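The values are calculated or read from the model by the stated rules, or taken from the named source; none is laboratory data. Computed from a predicted structure; not experimentally measured. Here the Cβ positions follow ideal geometry from the backbone for every residue, glycine too, while neighbour counts run over all protein chains shown. For accessibility, only protein heavy atoms count, side chains too; no ligands or nucleic acids. Shrake-Rupley method; radii C 1.70, N 1.55, O 1.52, S 1.80 Å.
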Amino acid sequence: MEGVACASFTSSASKSLSFSLSQSSIITLRQNYHNNTLKSKSPRKLVIRASSGSSSGSVVTLLDYGAGNVRSVRNAIRYLGYEIEDVRTPKDILNADRLIFPGVGAFASAMDVLTKTGMAEALCTHIENDRPFLGICLGLQLLFDSSEENGPVNGLGLIPGVVGRFNSLNGFRVPHIGWNALQIAKDSEILDDIGDRHVYFVHSYRAMPSNDNKEWVSSTCNYGDDFIASIRRGNVHAVQFHPEKSGDVGLSVLRRFLNPKSQGSKKPTQGKASKLAKRVIACLDVRTNDKGDLVVTKGDQYDVREQTKENEVRNLGKPVELAGQYYQDGADEVSFLNITGFRDFPLGDLPMLQVLRHTSENVFVPLTVGGGIRDFTDANGRYYSSLEVASEYFRSGADKISIGSDAVYAAEEYIKTKVKTGKSSLEQISKVYGNQAVVVSIDPRRVYVQGPNDVQFKTIRVPKPGPNGEEYAWYQCTVNGGREGRSIGAYELAKVVEELGAGEILLNCIDCDGQGKGFDIDLIKLISDAVSIPVIASSGAGAVEHFSEVFMKTNASAALAAGIFHRKEVPIQSVKAHLLKEGIEVRI
């Protein structure tokens, strides 16, 4: 399908159209994207002329169309010493000395917003005039003819090719989430400092190299097949990966774009990146203590209070400081779980929002946040959708949203009715931001039974008999922080939430939590074999050997730990050194 967006406007679009859309109008545009496939038509081409003014060399123009987390891009630009000027009208694009477009969310949604705000034609003109441009993730995909995502949907049509979905039938998990290697195809300029290092990807759709677009391709990445990881022609660059989430390697990419004559502050560390790395994730359980301070805590089987007379909440440090330390130590992601509150008013949780905002200023790896993300009505009777709640977390610095109890309720309803209503938090958020932005956190506990026919749920044969000699067990899902069991198994829940739009599963285990005896290998193997989306192993790590065990014995894509990192019992670098020694690829 031919990309025609760059020629699909009438001259009326040349009017100075304000880009200061309200959050609600942006959400409305995005919610309607699936009904708005662009039509193939070619009216008189609009020409928007730039004014003679030019921005300062220390200013970067940012096209933020209102979806997802662009705070980290902003923070990375400021971290490198540049000021930001936001696009408000199409002329701002044409006047930009350097334009960065951090596309986030779904393809059709982005095109819908760009079309309705009059920005698509200006983007095409800026790029066709070889003005400095950097597209990120969706900002690369939109340059192609079209996308199959909720489509076909026309793109800007600047690069030949169709953006298609990864094929999960060959055993590769979709979305493609994590740190992968690049194969440099030609002089890319902005990739000069990368060396053999990993960069961070999170996407379900990709563009493929071909004879028609080979002049654009500057690097590829292999994930089942070779796909386009970056493009370059003249001053125009775009990358499928996220430089703002790729640590110091990613910052070097941004630095090279912003100042092509710059050199890295130090010689880039040489790595041995060859394929998708296994991720090591640091998790911070955050809650207010009895004094009202926000602290990082850690439970034993979900009990976070000290076994003392005072029975105080276990305090293991301050969230922002610990997150920054884990970033420096080499954590591939940082996950925040808000385990207390503001459950009745999530948008009033200003301390947690501030934690995200401050963390993203200096932590340039992915941030996930969970806890209390659902539909709710405040004390004044005003209704807030889970999409509005998630949007605020994204805008505060989160890259992914973790949903727990609400996903269980949605799965139960779907099993009962066999109807996808589109109203659950899981469906709402994945529809607008893409399933790669949604993690479902599963909190099961093992229930022993005599035989597989004793329950309607998937069972496993246990290596050690239960307390009454039982040879089988199933994993009962819980809600409300593990306090309430539900009539649904972890296997059944995982299958359903994948169908409803989850892009990743965080698999906890109440029985193993805080015990330091290793991950529940049986559980993780059961779930990681059952779904085609990435699974994060959680609960029970107490030694470096536990990480290699879970990666060798299961299909887990990542392993998460909390207490052993907080208490400095097992450093992150020790985990990675051990994994490398065992032949398991990790980011260094």
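How big, in percent, is the set of alpha carbon pairs in segment 59-258 lying more than 31 Å apart? List each step's numbers first, then the result.
Numbers: 1876 of 19900 pairs.
Percent of Cα pairs beyond 31 Å in segment 59-258: 9.
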Task: Restricting segment 401-475 to trypsin sites (Lys or Arg not before Pro) in coil, as DSSP defines it, with at most 11 other Cβ within 10 Å - done: K418
Task: Built amide H within the under 5 Å cut-off of S219, gap 5+ - done: A185, A229, S230
- [ ] Compare the Cα positions of V236, L251, L142 along the charge dipole of segment 59-258 (+1 at Cβ of Lys, Arg; -1 at Cβ of Asp, Glu; about the Cα centre) and return the one farthest towards the positive end.
- [x] L251
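Rank these residues by their accessible area, most exposed first, probe 1.4 Å: I415, I505. Let's see the in-between values first.
Details: I415 70, I505 0 Å².
Largest accessible area first, the list is I415, I505.
Among the DSSP beta bridges whose two residues both lie in segment 59-258, what percent are antiparallel, rounded to the nearest 5? Spell out each step's value before the answer.
Values: 22 of 40 bridges.
Percent antiparallel among DSSP bridges in segment 59-258 is about 55.
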Task: Quarter of Cα convex hull surface for segment 358-503, i.e. mean projection, nm² - done: 11.3
TODO: Run the 1.4 Å probe and let me know the accessible area of T368, rounded to the nearest 10 Å².
DONE: 10
Open item on the list: I'd like the FRET efficiency for R461 and S574, computed as 1/(1 + (r/R0)^6) with the beta carbon distance as r and R0 of 41 Å, rounded to 0.05.
Closed with: 0.75
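Going by average Cβ neighbours within 10 Å, how do the peptides 541-553, 189-201, 210-222 rank, with the highest at the top?
Working: 541-553: 19.6, 189-201: 21.4, 210-222: 16.8.
Packing order, densest peptide first, comes out as 189-201, 541-553, 210-222.
How much length, in nm to one decimal, is gained on full extension between Y384 and N211, taken as 0.36 nm per residue of separation minus their Cα-Cα distance? Don't jump to the answer; show the numbers that get you there.
Numbers: separation 173, 0.36 × 173 = 62.28 nm, distance 4.89 nm.
Fully extending the segment from Y384 to N211 adds 57.4 nm.
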Task: Estimated FRET transfer efficiency (N259, E128; beta-carbon r; R0 25 Å; 0.05) - done: 0.55
